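The block underneath contains the structure these notes are about, expressed in structure tokens.
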Amino acid sequence: MTWISTAESFGTRQILAVESVFKAHPHGCLMILSRTLDSAQGHMILKPLLDRGFKVQAVTPDLPFLLKNTPAEAWFNDIKSGEKDPGGIPLAQNLSNLMRLAALYKYGGVYLDTDFIVLKSFKGLKNTIGAQSINSAKNWTRLNNAVLVFDMNHPLLYKFIEEFALTFDGNKWGHNGPYMVSRVVHRVEGRPGYNFTILPPVAFYPVDWIKIVRLFKVPSQQADPKWFEVKLQELNEKSYGLHLWNKQSSKLMVEEGSAMGKLLSEHCVLCNQIYSS
């Protein structure tokens, strides 16, 4: 995980996302790349989980070290020197896109956004990225980088980092994230040497950003209950997790009796303040 905001803004919903990791992987190890959480205040936020024996640690990312000997090393030096325009989108947002790639490339493992609720163990997943959308022929139309599962030094990660540096645009939302991984995979899919799996949307993105609001509300008496039951069954049977699309859902309250309330209650370990998240 990465966290680029203040420690104060790492709230209940982010804690519940972290808890879901340990509900599915009680012996797992979670590192959060974050300067603000790597602090006394951050330690107090994570302390209830640490006290229960869960292995979670916030670490200030060393970007020059992470990017050394990668295709983005020169890009980062140009950003620091002012030779490269960072654009209008906050640079931290784009650095988060890059940090996840560099950390996975150098160490391997699983990357998760902080607005992703894990629903079942990732054991068995290897060199995997998820489709956000598919067409009528069931072919992917867009991938997303909110969940990445890759071995160390995987060539696809190298290509992602290379594409980030070569085509960086700090003014287009998503250009250096979901659109970037989609561009690269479109070019290399099926080529020898790139062994990876693309999972369908139901794996990581089972509810799109338009419909996510429905999970936070109690279902109405007309059409919603059926959708509610079908969606919960699908999530339990087919999904590894649920992306919450924080940009759309961050201000939504979890209503008692909602699908989100049920999911969070079943996939937490401390389970505090679910309905105030």
The chain: most fluctuating residue of Ala74, Ala103, Ala40 per GNM, C-alpha cutoff 10 Å: Ala40
Separation in nanometres of the label points that stand 7 Å from Cα toward Cβ, at Tyr107 and Lys251: 3.5
Within segment 1-146: Cβ-based charge dipole about Cα centre, in debye rounded to nearest 20 (Lys, Arg +1; Asp, Glu -1): 640
Separation of the Glu237 and Ala40 label points, Cα + 7 Å toward Cβ, nm: 5.3
Whichever aspartates and glutamates have a C-alpha closer than 14 Å to that of Lys123, once near sequence neighbours (fewer than 8 apart) are set aside: Asp151
Separation between Cα centres of segment 202-276 and segment 34-82, rounded to whole Å: 30
Total lysine pairs whose alpha carbons fall under 24 Å of each other in segment 206-277 (8 or more apart, or interchain): 20
Disulfide-incompatible cysteines by the Cβ rule (no partner under 4.7 Å) in the chain: Cys29
Cα-only Debye scattering, segment 206-277: base-10 log of I(q)/I(0) at q = 0.13, 0.23 Å⁻¹: -0.35, -1.16
[x] 114; [y] 135; [z] 204, with the label sought being that of the calculated volume of the Cα convex hull per residue in Å³: [y]
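Read the figures in this text as sums done on the coordinates, not as results from a lab. These figures come from a predicted structure and were not determined experimentally. In this analysis, Cβ positions are derived from the backbone assuming ideal geometry, glycine residues included, and neighbour counts consider all displayed protein chains.
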